[in-house]
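Everything on this sheet refers to the single structure shown next.
The values are calculated or read from the model by the stated rules, or taken from the named source; none is laboratory data. All figures in this text were calculated on a predicted structure; none of them were measured in a lab. Here Cβ is always computed from backbone atoms with ideal geometry, including for glycine, and neighbour counts include all displayed protein chains.
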Amino acid sequence: MPSNAQRDDAVQLESPEISVTQAAEGYTLLEQLEAEGIEVPYQCREGYCGRCRTKRVSGEVAYTSAPLAWVNPGEVLPCCCVAISEVVLEVG
Ligand code: FES
């Protein structure tokens, strides 16, 4: 039988999925994630560097301003958008 440490290691995820169920008024998705203690890399926080690019597993977002950085299908720039449905992201 494995020790507790081995069992804990077995359930850790390298790229955990997180879910945002609704937008917090006045907050971008990035700010909402930060408020939940979830770290997402960022630089400009204005949609032009692309540093915050995050995989979107499901759900829809609306951009508060048109991002200048490219956004591939299945990705979001959380620094400049809000959730408009339950959004599941893969971070890490
Ligand atoms: S932090 Fe620069 S695009 Fe999001």
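Side notes on the structure shown:
- Pairs are defined by a Cβ separation below 6 Å, a sequence spacing of at least 6 or placement on different chains, a first member in segment 48-73 that is over 23 Å from residue 26 (Cβ atoms), and a second member that is more than 12 Å from the ligand (Cβ to nearest atom) and modelled with pLDDT under 95; the pairs so defined are 55/90; 57/17; 57/88; 57/90; 58/88.
- One residue alone among 41, 67 is within 12 Å of the ligand (Cβ to nearest atom), surrounded by 14 or more Cβ atoms within 10 Å (Cβ to Cβ) and either in a loop (DSSP other than H, G, I, E, B) or of a type outside the set (Val, Ile, Thr) (or both), and that residue is 67.
- Residue match in segment 76-91 (condition: more than 12 Å from the ligand (Cβ to nearest atom) and among the charged types (D, E, K, R)): yes
- Scanning segment 44-64 for residues that are assigned to a loop (DSSP other than H, G, I, E, B), more than 10 Å from the ligand (Cβ to nearest atom) and surrounded by 16 or more Cβ atoms within 10 Å (Cβ to Cβ) yields a total of 1.
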